[in-house]
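Participant: First, the structure itself, so that you have it in front of you.
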């Protein structure tokens with residue numbers, strides 16, 4: 001599933017090609033996404049000028065001189081810039097046709113993504129209104145995590161993956177950040193100290209910033225806006241490395257299920 005770095009990579013790659021362009025037409029080939037594409041949306045966007053492309057959590061926010069659009073890539077979706085005569089692939093469900101002759105296509109094999117109108121201000125949308133702070137923003141730090149975690153028995157990994165606590169820390173990056181902070185993923189969130197949460201917040205920021213800089217994590221289904229893959233996976237320390245030696249101490253990496261997700265960790269380095 002595209003996580004925050006993949007979505008941010010898509011945003012930064014597409015924004016220069018969208019900003020200032022006019023949407024000539026929104027072509028909807030398959031409206032049955034996770035939430036149906038409203039039938040009135042193409043008429044709402046026709047002729048609108050794109051002002052910006054922002055990101056909130058794993059959502060993309062397309063701002064225009066009129067109604068905005070909320071986009072989500074779902075489990076395996078991608079946005080790609082191409083010429084209109086490029087062959088359509090199966091699951092190319094939407095096309096934003098622009099006034100420069102190019103179009104942006106939403107490719108979503110599992111149809112778990114979305115394309116919905118945005119209210120003004122965007123934060124009032126039900127999908128955005130309950131989200132926690134951005135992990136790279138000023139509101140997120142170790143003291144914030146420590147305060148919210150008091151009395152919580154849920155595993156610390158599940159805690160930092162809760163989108164109402166902090167957005168965009170998916171399974172891969174939670175595992176990597178907990179390794180860097182030397183915290184075992186199954187520990188109760190309420191039993192992690194303030195100092196450990198400060199280290200964890202720093203690790204979350206570091207892992208996400210590095211992944212964004214390197215183009216995201218190479219996943220089976222994820223491609224960037226130009227069709228290429230990210231390559232941060234080459235640098236993963238614990239995720240997907242069950243049984244392999246820890247990069248720090250050579251102890252074999254273990255994996256357990258936490259919240260129905262595979263959680264890899266080093267039993268020697270993480271306490």
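The values are calculated or read from the model by the stated rules, or taken from the named source; none is laboratory data. As the structure is a prediction and not an experimental result, all values here were calculated from the model. FYI the Cβ positions are ideal-geometry reconstructions off the backbone, even for glycines, and counts take in every protein chain you see.
Participant: State yes or no: is residue 222 surrounded by 21 or more Cβ atoms within 10 Å (Cβ to Cβ), outside the structural domain of residue 73 (by TED's automatic domain parsing) and modelled with pLDDT under 95?
Facilitator: yes
Participant: Then there's this: Take residue 37 and decide whether it is touching a helix residue (DSSP H, G or I) at 6+ places or on another chain (Cβ under 6 Å) and either outside the structural domain of residue 97 (by TED's automatic domain parsing) or surrounded by 16 or more Cβ atoms within 10 Å (Cβ to Cβ) (or both).
Facilitator: Considered against the rule, which asks whether it is touching a helix residue (DSSP H, G or I) at 6+ places or on another chain (Cβ under 6 Å) and either outside the structural domain of residue 97 (by TED's automatic domain parsing) or surrounded by 16 or more Cβ atoms within 10 Å (Cβ to Cβ) (or both), residue 37 comes out as no.
Participant: What do you reckon, is residue 129 on the phi < 0 side of the Ramachandran plot and in contact with a strand residue (DSSP E or B) (Cβ under 6 Å, 6 or more places away or on another chain)?
Facilitator: In short, no.
Participant: Sticking with this one: Applying the selection to the range 40-54, what residues are surrounded by 20 or more Cβ atoms within 10 Å (Cβ to Cβ) and either in contact with a helix residue (DSSP H, G or I) (Cβ under 9 Å, 6 or more places away or on another chain) or in contact (Cβ under 8 Å) with a residue 60 or more places away in the chain (or both)?
Facilitator: The answer is 50, 53.
Participant: Then there's this: Identify all residues within the range 143-178 that are in contact (Cβ under 8 Å) with a residue 60 or more places away in the chain, over 15 Å from residue 4 (Cα atoms) and either outside the structural domain of residue 211 (by TED's automatic domain parsing) or crowded, with 24+ Cβ neighbours inside 10 Å (or both); write none if there are none.
Facilitator: Within the range 143-178, 157, 178 qualify.
Participant: Anything in the range 12-57 that is closer than 25 Å to residue 208 by Cβ and in a strand (DSSP E or B)? List them, or say none.
Facilitator: Passing the criteria: 52, 53, 54, 55, 56.
Participant: If you don't mind, there's one more thing I want to ask. Might you check whether a residue that is under 21 Å from residue 163 (Cβ atoms) and crowded, with 22+ Cβ neighbours inside 10 Å occurs anywhere in the range 20-32?
Facilitator: The answer is no; no qualifying residue exists.
Participant: Let me ask you something else. State the number of residues belonging to the range 179-213 that are in contact (Cβ under 8 Å) with a residue 40 or more places away in the chain, in contact with a helix residue (DSSP H, G or I) (Cβ under 7 Å, 6 or more places away or on another chain), part of a helix (DSSP H, G or I) and within 17 Å of residue 238 (Cα to Cα).
Facilitator: Matching residues across the range 179-213 total 5.
Participant: Would it be correct to say that residue 77 is assigned by TED's automatic domain parsing to the domain that holds residue 111, within 28 Å of residue 168 (Cα to Cα) and either modelled with pLDDT under 95 or surrounded by fewer than 18 Cβ atoms within 10 Å (Cβ to Cβ) (or both)?
Facilitator: yes
Participant: Failed condition for residue 238, given (1) in contact with a helix residue (DSSP H, G or I) (Cβ under 7 Å, 6 or more places away or on another chain); (2) modelled with pLDDT of 95 or more; (3) over 19 Å from residue 265 (Cβ atoms), with all others met?
Facilitator: (3)
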